[in-house]
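The values are calculated or read from the model by the stated rules, or taken from the named source; none is laboratory data. Nothing here was measured: the structure is a model prediction, and the numbers come from that model. Here the Cβ is made from the backbone with ideal geometry for all residues, glycine too, and neighbour counts use every protein chain on show.
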Amino acid sequence: MAKKTQFIKNNSLNDLIQKFSKHDVIAEMEKEYSKMESKTLSISLIDDNKFIDSVAMGQPLVDRFASTIEERGIWNPLIVRPCGAHFELILGRKRFFGAKKIGLAEVPVVAIDVGDEETLLMLLADCRDQREPNIVEMANIYKELANRFDYSQLTLAKISHFSRSQVTNIMRILSLPKNIVDQIATGNLTYGHGRAIATLSNDQIQEIVELIHREKLSVRQTEELARQYTEKPIEKIEISDSDKMKKTTGAKAVTIKNNTITMVFKNEKDLKNFIKTHLN
């Protein structure tokens, strides 16, 4: 017979900021929960967290957790909270998707009775303390805490152990086109690349991302390219021989599209030399 779901209620929400600013708060919570009696719950009754359910998860990551669960089982119960007839996931998102990947019908859970604010703070602390935090998850959590509970960027920075400017840059990621945000979330594009192009127009962003993948541009090269787009439009010249153009102009990369060519220069000096030599 299935055991009754265990609810853990935290009646005091005082000092949340101080509590969740601690480095090990989530590790201590999960250690505490792991000692408690858990319930085996149908995975079909668990919904992804509403604050981060739009954040894509890379298939290699899901596959890795699925493989580990097949070998070891689920080593810690998922942390959920009641949500109508279902339960909403709080901690254990990778385990949750890994379990779904291999078709598990039931998973161990501990249910806790917490509101939206504490749920968001748990999500933020968990994301912050991961070895490779998902920046898109963090940006969504920041947005919700700011919009729903009036958290300032200074407060978010304190909880995250970041500077205010870092919080600003992370939140700016959400201004990128959805397909680019998804690439960052799944690891197909780095946060550094996304940060470098976040203030450009959507057309410029899409064009630069194509170049990043095609030419394997570093973050520094991407920052320089974004600066060139901001300071002066990249000249487009009708041409048929990209190799010849690279040799004659000194461009690092040349891309032909619709009878035009886009040139990427290593630095501002090379760009200015090209303009002085060929366009003046």
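Scanning segment 256-271 for residues that are modelled with pLDDT under 75 and surrounded by 11 or more Cβ atoms within 10 Å (Cβ to Cβ) yields a total of 3.
Test of understanding: among Leu225, Leu145, Leu174, which residue is in a helix (DSSP H, G or I) and in contact with a strand residue (DSSP E or B) (Cβ under 7 Å, 6 or more places away or on another chain)?
Values: Leu145 fails: in contact with a strand residue (DSSP E or B) (Cβ under 7 Å, 6 or more places away or on another chain); Leu174 fails: in contact with a strand residue (DSSP E or B) (Cβ under 7 Å, 6 or more places away or on another chain).
Just one listed residue meets the conditions, Leu225.
For the structure I just gave you, tell me whether Val181 is more than 28 Å from Gly58 (Cα to Cα) and at pLDDT 80 or above. Spelling it out, it is not the case that Val181 is more than 28 Å from Gly58 (Cα to Cα) and at pLDDT 80 or above.
For segment 13-20, state whether one or more residues are modelled with pLDDT of 95 or more and surrounded by fewer than 14 Cβ atoms within 10 Å (Cβ to Cβ). Walk me through it before giving the result.
Taking segment 13-20 and keeping what is modelled with pLDDT of 95 or more, we get none.
Within segment 13-20, none of the residues are modelled with pLDDT of 95 or more and surrounded by fewer than 14 Cβ atoms within 10 Å (Cβ to Cβ).
Give me the residue from segment 40-56 that is crowded, with 19+ Cβ neighbours inside 10 Å and part of a strand (DSSP E or B) and, out of that set, modelled with the lowest pLDDT. It would help to see each step written out before you state the result.
If we filter segment 40-56 for residues that are crowded, with 19+ Cβ neighbours inside 10 Å, which is where we start, we get 41, 46, 49, 51-52, 55.
Retained after the next criterion (residues that are part of a strand (DSSP E or B)): 41, 46.
Numbers: Leu41: 94, Ile46: 97.
Ranking the candidates gives Leu41 first.
Exactly one residue out of Glu88, Glu70, Glu106 is under 17 Å from Phe51 (Cα atoms), surrounded by 13 or more Cβ atoms within 10 Å (Cβ to Cβ) and outside the structural domain of Thr186 (by TED's automatic domain parsing), and it is Glu88. Of the candidates Phe65, Phe87, the single residue that is outside any loop (DSSP other than H, G, I, E, B), within 23 Å of Glu37 (Cα to Cα), of a type in the set (Phe, Trp, Tyr) and in contact (Cβ under 8 Å) with a residue 12 or more places away in the chain is Phe87.
Within segment 99-141, being in contact with a strand residue (DSSP E or B) (Cβ under 7 Å, 6 or more places away or on another chain) and of a type in the set (D, E, K, R) holds for Glu106, Asp113, Asp126.
Does Gln59 qualify as being within 24 Å of Asp116 (Cβ to Cβ), in the same structural domain as Asp126 (by TED's automatic domain parsing) and either modelled with pLDDT of 70 or more or over 27 Å from the mean Cα position of the chain (by Cα) (or both)?
Working: within 24 Å of Asp116 (Cβ to Cβ): no; in the same structural domain as Asp126 (by TED's automatic domain parsing): yes; either modelled with pLDDT of 70 or more or over 27 Å from the mean Cα position of the chain (by Cα) (or both): yes.
So Gln59 does not fit the description; no.
Summed over segment 155-168, the residues that are touching a residue at least 12 places away in the same chain (Cβ under 8 Å), outside any loop (DSSP other than H, G, I, E, B) and surrounded by fewer than 18 Cβ atoms within 10 Å (Cβ to Cβ) give a count of 3.
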